[in-house]
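What follows is one structure encoded as structure tokens, with my remarks underneath.
Read the figures in this text as sums done on the coordinates, not as results from a lab. Treat the numbers as computed from the prediction; the structure is a model and nothing was measured. Counting neighbours? That spans all protein chains shown, and the Cβs are built from the backbone with ideal geometry, glycine included.
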Amino acid sequence: MSDREKQFKELFLSEYGRMYKAAYILLGNEDEAKDAIQDVFARLWDGTTPLREESTRTFLLTCVRNRCLNIIAHRQAITVSTDIISADTVSADMKYASDDELIAAVNRYVSERLTPQTSRIIKMHFDEDQSYKDISNELGISLSAVNKHIVQGLRKLRSTFKNREA
């Protein structure tokens, strides 16, 4: 085992408990808390997130908090998208034989009625399961711009489908 591997293992063993408690408090779910910690350590290991030696404990807790907040935001986005395509938002004049037809209608709306940038961002986030940060990096735009496009796109979808309720 290399020195780097030994240091990494020691860091994991010494900080896992604190990180788990913080993640569990934020997420309220054991598996998601463990996944959040695993994501943080994976990013540290592969060099995606550089480790700051001077304040390791605080830095790791900040990384876990940020990862948990991303998970919470993703949960909320999934809830919103599920609400948009749920059967109770479809009115009598907008009946679909199957969920697949409803999903196809939502996808058509995203492709044809939203701006190209908003459509692309919505697809990257929901179809490709990319994080706001990944989208931001790939498109060279700010996180707030990604959030703005997703919020506006979902608002338009919600408005379009809910306005057709009986």
By average Cβ neighbour count within 10 Å, what is the ranking of 141-147, 64-70 from highest down? 64-70, 141-147
So for R0 = 30 Å, FRET eff. of Lys21-His74 from the Cβ-Cβ r, to 0.05, ends up at 0.90
So if we plug the beta-carbon distance of Ala145 and Ala104 into 1/(1 + (r/R0)^6) with R0 = 25 Å, what FRET efficiency do we get, rounded to 0.05? 0.35
Please give the FRET efficiency for Gln152 paired with Thr62, using the beta carbon to beta carbon distance and R0 = 25 Å, rounded to the nearest 0.05. 0.25
Under a crude label model (7 Å from the Cα following the beta-carbon direction), how far is Glu128 from Lys34 in nanometres? 3.1
